[in-house]
1. Restrict the check to segment 32-55 and report whether at least one residue is closer than 30 Å to R167 by Cα, open to solvent by less than 20 Å² (accessible area, probe 1.4 Å), of a type outside the set (A, V, I, L, M, F, W, C) and touching a Leu at 6+ places or on another chain (Cβ under 8 Å).
2. Working only within segment 7-23, note down all residues that are over 17 Å from Q139 (Cα atoms), open to solvent by 80 Å² or more (accessible area, probe 1.4 Å) and not hydrophobic (A, V, I, L, M, F, W, C).
3. Within segment 56-79, take every residue that is surrounded by fewer than 22 Cβ atoms within 10 Å (Cβ to Cβ) and within 16 Å of A137 (Cβ to Cβ) and give me the one that is modelled with the highest pLDDT.
4. Is it the case, given these coordinates, that L218 is more than 24 Å from D88 (Cβ to Cβ), touching a residue at least 12 places away in the same chain (Cβ under 8 Å), open to solvent by 20 Å² or more (accessible area, probe 1.4 Å) and touching a Ser or Thr at 6+ places or on another chain (Cβ under 7 Å)?
5. Looking at (1) assigned to a helix (DSSP H, G or I); (2) out of contact with any Asp or Glu (no Cβ under 7 Å at 6 or more places or on another chain), which one does V183 not meet, given that it meets all the others?
6. On the basis of being out of contact with any Pro (no Cβ under 6 Å at 6 or more places or on another chain), farther than 20 Å from L100 by Cα and either touching a residue at least 24 places away in the same chain (Cβ under 8 Å) or surrounded by fewer than 17 Cβ atoms within 10 Å (Cβ to Cβ) (or both), does T180 make the cut?
7. Taking helices (runs of 4 or more DSSP H) that do not extend beyond segment 84-177, which have at least 1 residues that are more than 17 Å from A210 (Cα to Cα) and without any contact (Cβ under 8 Å) to a residue 60 or more places away in the chain?
8. Kindly indicate whether any position in segment 203-215 is within 18 Å of V114 (Cβ to Cβ) and in contact with a Ser or Thr (Cβ under 9 Å, 6 or more places away or on another chain).
Amino acid sequence: MYQFFVEASQVGPEEITILGEDVNHIKNVLRMKPGEQIRISSLSGEDYFCEVAGMEKDKVVARILYQDHESRELPVQITLFQGLPKGDKMELIIQKAVELGVYEIIPVAMKNCVVRLDERKAEAKVKRWQAIAESAAKQAKRSIIPKVGSVMTFGEAADYARGLDVRLLPYENERGMEHTRQVVGSLKREGSLGVFIGPEGGFDKKEIEAVRGDMELLSLGNRILRTETAGMTMLSILLYHLEE
């Protein structure tokens, strides 16, 4: 069943109006017909099972069959602070992070990042990454579209993370999974949580020292993981513990 997102203002008592690019997608790509069922999520978090009732040039009207009260969101809002990787790895990271339930993704320009983005390139990249997040949210039947924030420096990201309840930082020089198990096992199924993942070159020692005592430094095992693997691993561990 296909998934679409709408603004809360597009949801009526009995019908939902779909606007924008999804209209062309429904009519000309999917070639849907009246009576076909779809799932629609309001950006305020409500989910509905609907059937296509009618199509016009600039909108599709869907009749609400019933509201889906089974939440697909994690009880904790997880923000992934991802060190900028090379090539198109960020696209894969965003796709999989959204599938695993992340709430927000912040790209971070760390000292050991190979990639350097000027303001114009960064804006274009974030726009592209947000579109990938939306596509992944539809595929995963999420109730929200996770936001991809603007690129931050490490210092800006650390300051932003101080507003979250818990901050975790998997670090390659940490050893011993027992501490990781203790930290994850103590997490509550509520509130907010930040996860910092380093780029290909890892965290700089000064970055680690700047947040030591403010974040929980964790091990992800005795092997060195690629940046695109480390985030997925940490999110999978959290999903296993936090999913209700």
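The values are calculated or read from the model by the stated rules, or taken from the named source; none is laboratory data. All values derive from a computational prediction rather than experimental measurement. Cβ: placed from backbone, ideal geometry, glycine included. Neighbour counts: every protein chain shown. For accessibility, only protein heavy atoms count, side chains too; no ligands or nucleic acids. Shrake-Rupley method; radii C 1.70, N 1.55, O 1.52, S 1.80 Å.
1. No, every residue in segment 32-55 fails to be closer than 30 Å to R167 by Cα, open to solvent by less than 20 Å² (accessible area, probe 1.4 Å), of a type outside the set (A, V, I, L, M, F, W, C) and touching a Leu at 6+ places or on another chain (Cβ under 8 Å).
2. Result: E7, S9, P13, E14, E15.
3. Looking at residues that are surrounded by fewer than 22 Cβ atoms within 10 Å (Cβ to Cβ) and within 16 Å of A137 (Cβ to Cβ), I get Q77.
4. No, not satisfied.
5. Of the numbered conditions (1) assigned to a helix (DSSP H, G or I); (2) out of contact with any Asp or Glu (no Cβ under 7 Å at 6 or more places or on another chain), the odd one out for V183 is (2).
6. no
7. Of the helices (runs of 4 or more DSSP H) lying wholly inside segment 84-177, those with at least 1 residues that are more than 17 Å from A210 (Cα to Cα) and without any contact (Cβ under 8 Å) to a residue 60 or more places away in the chain span 89-99, 119-139.
8. Looking through segment 203-215, none of the residues is within 18 Å of V114 (Cβ to Cβ) and in contact with a Ser or Thr (Cβ under 9 Å, 6 or more places away or on another chain).
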